Each structure stands twice: as C-alpha cells, then as structure tokens.
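All of the numbers you see were taken from the coordinates with simple rules; none came from a lab. Computed from a predicted structure; not experimentally measured. Every residue, glycine as well, gets a Cβ built from its backbone with ideal geometry; the counts of neighbours run over all protein chains shown.
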Amino acid sequence: MNLICPALLSAKFLPARSMNHTVAGGKDVSPPFLWGSIPPGTKSFALCITDLDAERGVLWFVANIPAELRGLNEDVSGALDRLPAGSLEFRNVYGDLRYGGPIVRPGDEPHRIGFQLWALSIPTLEAGPFTPHPDRLSSIGPFIIETATLEAIATRTV
C-alpha cells in the first residue's frame with residue numbers, strides 16, 4: 001500500500017496553511033492524501049498524523065474511512081459535510097475533534113510529522129471520539145492488514 005500527500009512542498013515540507021492557527025500563516029487545514037495498492041480484505045481505513053517531535057503529538061486521527069475511497073481532500077476535517085460518510089474524528093492533542101496543525105515555536109528545530117494509514121479488516125472501529133490514543137491503537141491493532149507511512153517536515157515560515 002502506498003500513501004502520498006500532494007500538498008507537501010518540495011515533496012517533504014508541510015505547507016503553512018496546515019500549521020496550527022497560532023503560527024504565522026497557519027490555518028489548521030488538514031492536508032490532502034491519496035493512497036493506492038490496497039490489500040485484499042480491506043474494509044476501512046484509519047489515518048493518523050503525529051508530530052514526532054512533540055511530547056504529545058497526535059494532530060489528527062480519523063477512522064472508519066470507507067474502503068472504496070482512495071484519498072481524502074484537503075480541509076475535510078471538522079465538517080461532517082466534507083468528511084466521508086461514516087468517518088469518525090477523534091480528539092487530538094489540543095482536545096479538539098478535528099485536525100490541529102503542528103506548532104513550531106520560535107527557535108525550535110523543524111518538527112518531523114508522521115503520517116500513518118492503516119488498511120483494516122473491519123468496517124467500523126468500535127471506539128468513541130474521546131477514546132485515548134493508546135486505546136485507539138490497541139483497538140485497531142488486531143485488524144491491521146497493512147500500514148503505509150510518510151514523513152514530512154514542519155517549520156516556521158516567519
């Protein structure tokens with residue numbers, strides 16, 4: 001299975017609009033994704049975006065993405081009319097049920113942003129939106145068919 005993020009600048013930098021709203025140019029816009037080479041038996045997908053250089057860094061976790069989809073559009077987070085039907089967003093590091101961009105403070109080194117897409121053998125993850133992240137991972141673990149990963153860099157633009 002493969003995963004790409006068409007919004008990455010120079011194939012590795014997260015665009016300013018996908019940074020946290022507290023960072024210059026940041027708008028908390030969830031990035032777009034495309035995936036392919038889906039393994040047989042896939043009944044749904046789950047996607048996680050993590051700031052690998054933050055203490056608690058889950059920026060977005062969305063599950064129950066229908067198996068027939070091959071991507072997510074930009075800025076689908078936070079609006080039921082833009083998310084694929086049946087998809088479920090979980091609480092992020094900021095306490096919100098939506099995507100929240102990374103915060104790179106003045107003087108910080110760039111942050112590594114990890115993207116993970118899981119092909120799952122179940123159509124619906126039996127967990128609520130406030131389920132703690134470790135429990136989410138435990139609940140999908142037995143149902144993972146395949147994982148695709150991607151890494152980007154978040155940096156301050158100003």
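Using helices alone, I'd like the mean residue ellipticity at 222 nm for the chain: each DSSP H run of four-plus residues gives -39500 (n - 2.57), total over residue count, nearest 500.
Per the formula, -1500 deg cm²/dmol.
Note down the nm distance, to one decimal, between modelled labels 7 Å out along Cα→Cβ at residue 73 and at residue 112.
Going by the 7 Å Cα→Cβ label model, 3.3 nm.
So which GluC sites (Glu not before Pro) in segment 88-149 end up in coil per DSSP with only 15 or fewer other C-beta atoms within 10 Å?
126
Using Cα centres only, tell me the gap between segment 3-23 and segment 24-54 in whole Å.
That distance is 12 Å.
Measure of size requested: the Rg and Dmax of segment 2-154, with Cα atoms as the atom set and Å as the unit; please supply both.
Computed over the Cα atoms of segment 2-154, radius of gyration and Dmax are 14.6, 46 Å.
I need 68, 74 ordered by Cβ neighbour count within 10 Å, fewest first.
Lowest to highest Cβ neighbour count: 68, 74.
If r is the Cβ-Cβ distance from residue 55 to residue 17 and R0 is 22 Å, what FRET efficiency results, to the nearest 0.05? Let's see the in-between values first.
Numbers: r = 24 Å, r/R0 = 1.11.
With R0 = 22 Å, the Cβ-Cβ based efficiency is 0.35.
Quick one: if the Förster radius is 22 Å, what FRET efficiency do residue 9 and residue 149 give, using the C-beta to C-beta distance and rounding to 0.05?
Here the calculated transfer efficiency is 0.70.
How much length, in nm to one decimal, is gained on full extension between residue 97 and residue 81, taken as 0.36 nm per residue of separation minus their Cα-Cα distance?
4.3 nm
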